[in-house]
Amino acid sequence: ASPSPLVLVFGPYNGDGLAELERRFTVRHQKSRTLEGLSEAERAEVKAVAVAGHLPNETMDALPALEIVGHFGVGYDGVDAAHAAERGVAVTNTPDVLTEEVADTAVALVLMTVRELHHAESHARSGEWERSGPYPLTRFSLRNKEVGIMGLGRIGLAIAHRLEAFGVKIRYHNRSERSDVAYPYDASLEALAEQSDILLIAAPGGPATEKAVNADVLAALGNEGILINIGRGTTVDEPALIEALEQGTIAAAGLDVFADEPRIPERLRALRNTVLLPHVASASRDTRILMGNLVADNLSRWFAGERLETPVPESEKAGLTRRQ
Ligand code: NDP
């Protein structure tokens, strides 16, 4: 084995994370998210890919010596881990190190959306307070609310624990009921929406959750209902959401993620009853450093023949947890 394997960093990548990879490996950075400019010989040398977001299967398949993909981020819906496993390629992600940061952001998004704090802030900053008086009373409050979480995993549970301190009730929907929590479980997303004042999405993206939050779920949430999404934009039927917000089928939405980032539909941006964040839930320097280090640690362990720190379930199932 080469003492310094060639790692391909595919697409835009965190600066600290890139520097960490460069300290440990020979790195080739393809900012363009293509293999352009890489000779046949160079492609044949690539043993690892580090990527934040989408890695097409064709790219994976164009790298014959590829052994491992390190995904920067816990949500690895941009990497086909089952396809990788078929090829004997391991995939890792970055769970846990970002959980608290994402949960903090989710709570901030809930409070902003419920109490219109983004509009109140503009009211103060613009001088409107002095000119025309106090900001109007908000339609909603967190008092006596019930929050339904779709995706009560690491992040969902960290959000639930924070929200409990606010005195709100929690319920949830996963594919299967958890035996280690006392929160009420709803077997369907529609049932959860029906029971909730605020529906909060913290589930993974990918085909299994695609457009799960559809017109029926939004109708079940109801005209006093609020949708918060910090999971993946693909989980929400975005045109149906826009329709529901315009028609008053639901009251408001707070979104950190969108179906086609960084594009946000003009109609969504024009709505006053939305809070829109540019996918920043984990985006602090501290947390991103931890994520970058975890990507690098997984690659180091792999090439040292040690057990991976955070293989994704597909790789674990295929027994791809250490280099043979
Ligand atoms: P976990 O795997 O710990 O939790 C995922 C939860 O979702 C589990 O409780 C799981 O339960 C549930 N779930 C999975 N599939 C479905 C489904 N088809 N229907 C209903 N529930 C489902 O992941 P994390 O908590 O660490 O991360 C969750 C997601 O948050 C990530 O995948 C990512 O997409 C998103 N995220 C967004 C960020 C942002 O910047 N906005 C930052 C970090 C993460 P069960 O298996 O029983 O279904």
(message) Just to be sure I understand the filter: pairs with C-beta atoms under 6 Å, separated by 6 or more residues or on different chains, first member in segment 217-242 and on the phi < 0 side of the Ramachandran plot and modelled with pLDDT of 95 or more, second member more than 15 Å from the ligand (Cβ to nearest atom) and among the basic types (K, R). Which pairs pass?
(response) I242/R267
(request) Kindly list the number of the only condition in (1) within 15 Å of the ligand (Cβ to nearest atom); (2) of a type in the set (D, E, K, R); (3) closer than 22 Å to P207 by Cα that fails for R87. (result) (1)
(request) Evaluate the following for S315: is it closer than 19 Å to G73 by Cβ, modelled with pLDDT of 95 or more and under 17 Å from the mean Cα position of the chain (by Cα)? (result) no
(message) Can you pull out every residue in segment 241-273 that is away from the ligand (no atom under 12 Å from the Cβ), closer than 16 Å to V114 by Cα and among the small types (G, A, S)?
(response) G248, A251, A252, A253
(message) When you check L276 against the structure, is it in contact with a Lys or Arg (Cβ under 9 Å, 6 or more places away or on another chain) and within 30 Å of V114 (Cβ to Cβ), yes or no?
(response) yes
(request) Please give the number of the condition S122 fails out of (1) touching a residue at least 40 places away in the same chain (Cβ under 8 Å); (2) in contact with a helix residue (DSSP H, G or I) (Cβ under 9 Å, 6 or more places away or on another chain). (result) (1)
(request) Hey, can you tell me all the residues within segment 95-140 that are assigned to a loop (DSSP other than H, G, I, E, B), of a type outside the set (K, R), in contact with a strand residue (DSSP E or B) (Cβ under 9 Å, 6 or more places away or on another chain) and over 16 Å from L200 (Cβ atoms)? (result) E116
(message) Criterion first (polar (S, T, N, Q) and farther than 30 Å from P5 by Cβ) does N293 satisfy it?
(response) no
(request) Report whether or not D186 is surrounded by 19 or more Cβ atoms within 10 Å (Cβ to Cβ), at negative phi and not β-branched (V, I, T). (result) yes
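The values are calculated or read from the model by the stated rules, or taken from the named source; none is laboratory data. Everything quoted here is computed from the prediction, not taken from an experiment. Here Cβ is always computed from backbone atoms with ideal geometry, including for glycine, and neighbour counts include all displayed protein chains.
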